[in-house]
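Trainee: I have a structure here, written as structure tokens, and I will follow up with some questions on it.
No value in this document is a laboratory result; all are computed from the given coordinates. No experiment lies behind these values; they were computed from the predicted model shown. Every residue, glycine as well, gets a Cβ built from its backbone with ideal geometry; the counts of neighbours run over all protein chains shown.
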Amino acid sequence: MTARLESLKVHPQIKGFRHVVIDEPDDGFLLRDDFQRGIAALGRLDFTYDLLIFPRHMSAAVQLVKKFPYLRFVVDHLGLPDIRAGQLAPWRAGLKALAACPNVFCKLSGLAYRGDWQRWRPADFVPYLDISLELFGAARLMVGSNWPVCTVAGDYDSIVGIVLDWVQALSPEEQSQILGDTCTYFYRLQPHAH
């Protein structure tokens, strides 16, 4: 496995990896020894890892990221909260535990996918975006699209517009971080601007 990852390191456009943990029947998948051996190999080669998880996986995710503090992790789609049902509390508690780990960042993406595909409004997502900002700060948040999956709930411009419109209320520095600087830092494209 390490040899294969090393062969990929020569391609500068490959920055990290993701496994679709939400499709695994075992909620403790992130804690499996074989999975963690792979995570360790990623860290040794300075690759990143995307956490594609539901709120029910967050406890295991916290254990994982604490075990590998030298590896950069990003929570995809804010941890896929159940926006359609308006659930905040269990998701917020799990996200808060992940945000307490300095090696964890968060992507602002996939929101409409977790909302009502036919009737969502941008205001549906504001509480989730506000909580993510409160917990991570702009320096550990980055915009994302979840393309092409996002198109089940609307056109690309409308979906990405959820975050683009929300950041307009933030300071120019926070906007710059969320819309590019955090991503540039996370993927080691250049130093982080604070």
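Trainee: Can you list residues whose amide H is under 5 Å from Phe105's amide H, if they're 5+ apart or on another chain and H is modeled 1.01 Å from N?
Mentor: When sequence neighbours closer than 5 places are left aside, the close amide H contacts are Phe73, Val74, Val75.
Trainee: Only sites in a loop by DSSP and with at most 13 other Cβ atoms within 10 Å count here; which chymotrypsin sites (Phe, Trp or Tyr not before Pro) in segment 80-150 make the cut? The partial results should precede the final answer.
Mentor: Numbers: sites: Trp91, Phe105, Tyr113, Trp117, Trp120, Phe125, Tyr128, Phe136; in loops: Trp117, Trp120.
Hits after loop and neighbour filter: Trp117.
Trainee: Continuing with the same structure: Taking N as the number of residues in segment 2-186, what is its Cα Rg relative to 2.2 N^0.38 Å?
Mentor: Details: Rg = 16.2 Å, N = 185, 2.2 N^0.38 = 16.0 Å.
Taking N as the residue count of segment 2-186, the ratio is 1.01.
Trainee: Counting Lys and Arg as +1 and Asp and Glu as -1, what is the net charge of the other residues whose Cβ lies under 14 Å from the Cβ of Asn103? Kindly include the intermediate steps, with their values, before the conclusion.
Mentor: Details: positive: Lys66, Lys67, Arg72, Arg140, Arg188; negative: Asp46, Asp50.
Within the 14 Å Cβ shell, the charges total +3.
Trainee: Another question about this same structure. What does the net charge come to around Pro127 if you take all other residues with beta carbon closer than 12 Å to its beta carbon, with K and R at +1 and D and E at -1? Display every interim value, and only then the final one.
Mentor: Numbers: positive: Arg92; negative: Asp124, Asp130, Glu134.
That works out to -2.
Trainee: Sticking with this one: Loop only per DSSP, at most 16 neighbouring Cβ atoms within 10 Å: give me the trypsin sites (Lys or Arg not before Pro) in segment 55-158, ordered by residue number.
Mentor: Working: sites: Arg56, Lys66, Lys67, Arg72, Arg84, Arg92, Lys96, Lys107, Arg114, Arg119, Arg140; in loops: Arg72, Arg84, Arg119.
Filter output for segment 55-158: Arg84, Arg119.
Trainee: Per DSSP helix of 4 or more residues, -39500 (n - 2.57); summed, then divided by the residues of the chain. What does that give at 222 nm, rounded to the nearest 500? Don't skip to the end; give the middle numbers.
Mentor: Values: 8 runs with 73 residues, N = 194.
Counting only the DSSP helices, I get -10500 deg cm²/dmol.
Trainee: Which whole-Hz couplings ³J(HN,Hα) result when phi for each residue of segment 96-113 is put into the Karplus expression 6.51 cos²θ - 1.76 cosθ + 1.60, θ = phi - 60°, listed in order with x for Gly and Pro?
Mentor: Computed from phi, the couplings for segment 96-113 are 4, 5, 5, 5, 5, 9, x, 8, 10, 10, 9, 9, 8, 7, x, 5, 5, 4 Hz.
Trainee: In terms of the ratio Rg/(2.2 N^0.38 Å) built on C-alpha atoms, what value belongs to segment 78-194? Each step should come with its number before you reach the end.
Mentor: Details: Rg = 13.7 Å, N = 117, 2.2 N^0.38 = 13.4 Å.
Its radius of gyration relative to the 2.2 N^0.38 Å reference: 1.02.
Trainee: Just need the relative contact order of the chain here, percent rounded to a whole number, with Cα pairs under 8 Å and 6+ apart.
Mentor: Working: 291 pairs, mean separation 30.5, N = 194.
With pairs under 8 Å counted, the relative contact order is 16 percent.
Trainee: FRET efficiency for Gln168 and Arg44, Cβ-Cβ distance as r, R0 = 35 Å, nearest 0.05?
Mentor: Values: r = 41 Å, r/R0 = 1.16.
Once the sixth-power term is evaluated, E becomes 0.30.
Trainee: How far is it, in nm, from the label point at Ala89 to the one at Leu5 when both lie 7 Å from their Cα along the line to the Cβ?
Mentor: So the two model labels end up 3.9 nm from each other.
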